[in-house]
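The values are calculated or read from the model by the stated rules, or taken from the named source; none is laboratory data. From a predicted model like this one, the values you see are computed outputs, not experimental measurements. A quick note on method: Cβ atoms are made from the backbone with ideal geometry, for glycine too, and the neighbour counts reach across all protein chains shown. Only protein heavy atoms, including side chains, enter the accessible area calculation; ligands, DNA and RNA are left aside. Shrake-Rupley method; radii C 1.70, N 1.55, O 1.52, S 1.80 Å.
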Amino acid sequence: MEYQSYSIRQLLDSVSSGSIRIPAFQRGFVWDMDRVAYLMDSIYKKYPFGSLLFWKTKSKLATERKLGAFALPSPKEDYPIDYVLDGQQRLTSIFSVFQTELQPT
């Protein structure tokens, strides 16, 4: 297992490019606005807020979920995909607050 640090910008870029995806077996986004606000407060105060766990593969799953209200673009051919195994609620919250490229569906 490999540990790697990502900036918020790197996470946003990876989601926007389609290289970070949500497998269908993950539950949908369920956090309310207060929980998202608490996460943003923790990020602002530079508190630790947990890790994200990804499964890196070159195989695209047959079914995937949207990232909250956002339909994700298709990944590049023969490029590794990072499927979120843990941290989807945090990642969706961060993406929803900071990204500016994709429109919610």
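Counting Lys and Arg as +1 and Asp and Glu as -1, what is the net charge of the other residues whose Cβ lies under 15 Å from the Cβ of Tyr3? Once all neighbours under 15 Å are counted, the net charge is -2.
For region 11-26, backbone nitrogen atoms closer than 19 Å to the point 7 Å from Leu85 Cα along Cα-to-C-beta are found at 19-26. Note on Lys58: aspartates and glutamates with a C-alpha under 12 Å away, same-chain residues under 8 apart excluded, are Glu77, Asp78, Asp82.
With 5 Å bins beginning at zero, the pair-distance distribution over Cα atoms of region 64-105 amounts to 5, 19, 29, 25, 18, 4 %. Please work out the C-alpha center-to-center distance from region 1-25 to region 38-63 and express it in whole Å. Cα centroid of region 1-25 versus Cα centroid of region 38-63: 7 Å apart.
Taking R0 as 25 Å, what's the FRET efficiency between Gln99 and Tyr47 from their Cβ-Cβ distance, rounded to 0.05? Computed FRET efficiency for Gln99 and Tyr47: 0.70. Counting other Cβ atoms within 10 Å, which GluC sites (Glu not before Pro) in region 1-86 have at most 11 and lie in a DSSP loop? Here the GluC sites (Glu not before Pro) that fit, given the DSSP loop and packing criteria, are Glu2, Glu77. For Tyr83, the accessible surface of its heavy atoms amounts to roughly 0 Å² (probe 1.4 Å, protein chains only, rounded to the nearest 10). Along the chain, the exposed loop sites are trypsin sites (Lys or Arg not before Pro) outside DSSP states H, G, I, E and B with at most 16 other Cβ atoms within 10 Å, and the longest stretch free of them is 77-105. Among the listed values (1) 1.14; (2) 1.19; (3) 0.94, the one computed from these coordinates for Rg/Rh (Cα atoms, Kirkwood Rh) is (3). What does the charge count around Gly28 come to, taking other residues whose C-beta lies under 9 Å from its C-beta (Lys +1, Arg +1, Asp -1, Glu -1)? Combined, the nearby Lys, Arg, Asp and Glu give +3. Please state, rounded to one decimal and in Å, the Kirkwood hydrodynamic radius that region 18-69 gives when every pair of distinct Cα atoms enters the mean of 1/r. Hydrodynamic radius (Kirkwood, Cα only) of region 18-69 equals 13.3 Å.
Ranked by solvent-accessible area (1.4 Å probe, protein heavy atoms only, all chains present), the residues Met33, Met40 order from largest to smallest as Met33, Met40. Per-residue extension of 0.36 nm, minus the Cα-Cα distance of Lys66 and Asp78, leaves a gain of 2.2 nm for this segment. For the chain, the longest principal axis of the Cα atoms and the long axis of helix 33-44 meet at an angle of about 80 degrees. Shown in residue order for region 12-27 are the 3J(HN,Hα) couplings computed by the Karplus curve 6.51 cos²θ - 1.76 cosθ + 1.60 at θ = phi - 60°: 4, 5, 5, 5, 4, 7, x, 7, 10, 9, 10, x, 5, 6, 6, 5 Hz (x for Gly and Pro).
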